[in-house]
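Input: a single structure, listed below in structure tokens.
The values are calculated or read from the model by the stated rules, or taken from the named source; none is laboratory data. As the structure is a prediction and not an experimental result, all values here were calculated from the model. Backbone-built Cβ (ideal geometry, glycine too); neighbour counts: all protein chains shown. Quick note on the areas: whole protein, heavy atoms, side chains included, nothing else; ligands and nucleic acids left out. Shrake-Rupley method; radii C 1.70, N 1.55, O 1.52, S 1.80 Å.
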Amino acid sequence: SNNLTKLYKTNEASLQLEFESILLPKLTSFLHGMHHQYASFGPTVAIAKRWLYSQLIDSFLWPDECTELIIAEMFLRNFPMEPSASPQIGFFRFLNYLAQMAPEEDMLVVNFNDELNAEQISELEAQFRKNRKNFPPLFIVTSIDLEHPHQHGIWSSRAPSINILQRVQLLAECSIKLLAQDYTRMSSA
């Protein structure tokens, strides 16, 4: 059993090393590309992170990568329309995405440079539906993960927990209602 513990620790350490030396730099490079491709990408991410922190949801409870990847996916997929030139509109779409997502049924696929083909994505979706409990509460997969099969969902594997995820969804719903009330008040003034 001591050998098993040692193996587990070594495995944990090697996964962490792979994460920090291979996966994270690749993600940083892709996100850097997004900054150049879409002028409002960076400011949208900054507003979203600021909003989460203001709700006392820090990067330990909700990793920054999760925010960056959700927004990257919205921009890449033109969700639900052309990428917004306005960071504020991008932020409203982020809130809307959070409020409407069904994480128990849906996984988020961020397909940088269309590196994942339809077959890979549907195979992953089938695995996800069949063994939902084996995946993190917020399951985000990127083309980077697929090069490292034992690392699926690495960006959200540590956090958010199911409780934090539900809390953020509720906060997003409440924020949208408040924004809608403000808008209605301003338009009728």
Please specify each residue of region 99-116 satisfying the condition of being open to solvent by less than 80 Å² (accessible area, probe 1.4 Å) and either without any contact (Cβ under 8 Å) to a residue 60 or more places away in the chain or part of a loop (DSSP other than H, G, I, E, B) (or both). M101, A102, P103, D106, M107, L108, V109, V110, N111, L116
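Let's see how each residue does on (1) without any contact (Cβ under 8 Å) to a residue 24 or more places away in the chain; (2) out of contact with any His (no Cβ under 6 Å at 6 or more places or on another chain); (3) buried (at least 20 other Cβ atoms within 10 Å of the Cβ); (4) not in a helix (DSSP H, G or I):
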| residue | (1), (2), (3), (4) |
| --- | --- |
| A46 | no, yes, no, no |
| L52 | no, yes, yes, no |
| S59 | yes, yes, no, yes |
| W62 | no, yes, yes, yes |
| I71 | no, yes, yes, no |
| N78 | yes, yes, no, yes |
| F94 | no, yes, yes, no |
| E125 | yes, yes, no, no |
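Kindly indicate whether any position in region 143-154 is at pLDDT 90 or above and either open to solvent by less than 20 Å² (accessible area, probe 1.4 Å) or not in a helix (DSSP H, G or I) (or both).
If we filter region 143-154 for residues that are at pLDDT 90 or above, which is where we start, we get none.
Within region 143-154 (the criterion being at pLDDT 90 or above and either open to solvent by less than 20 Å² (accessible area, probe 1.4 Å) or not in a helix (DSSP H, G or I) (or both)), the answer is no, since none of the residues qualifies.
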Check off (1) out of contact with any Leu (no Cβ under 8 Å at 6 or more places or on another chain); (2) surrounded by 14 or more Cβ atoms within 10 Å (Cβ to Cβ) for C66 and give me the number that stays unchecked. (1)
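Within the group I140, I121, I71, which residue is over 24 Å from L170 (Cα atoms) and not aromatic (F, W, Y)? If you could, list the steps in order and put the result at the bottom.
On the way: I140 fails: over 24 Å from L170 (Cα atoms); I71 fails: over 24 Å from L170 (Cα atoms).
Of the residues listed, the single one that is over 24 Å from L170 (Cα atoms) and not aromatic (F, W, Y) is I121.
Name the single residue that is surrounded by the most Cβ atoms within 10 Å (Cβ to Cβ) among those in region 127-142 being in a loop (DSSP other than H, G, I, E, B) and hydrophobic (A, V, I, L, M, F, W, C).
Filtering region 127-142 for residues that are in a loop (DSSP other than H, G, I, E, B) and hydrophobic (A, V, I, L, M, F, W, C), the one surrounded by the most Cβ atoms within 10 Å (Cβ to Cβ) comes out as L138.
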Tell me, yes or no, whether region 164-171 has at least one residue that is modelled with pLDDT of 95 or more, part of a helix (DSSP H, G or I) and out of contact with any Pro (no Cβ under 9 Å at 6 or more places or on another chain). yes
Residues located in region 9-44, provided they are surrounded by 15 or more Cβ atoms within 10 Å (Cβ to Cβ), of a type in the set (S, T, Y) and assigned to a helix (DSSP H, G or I): T44
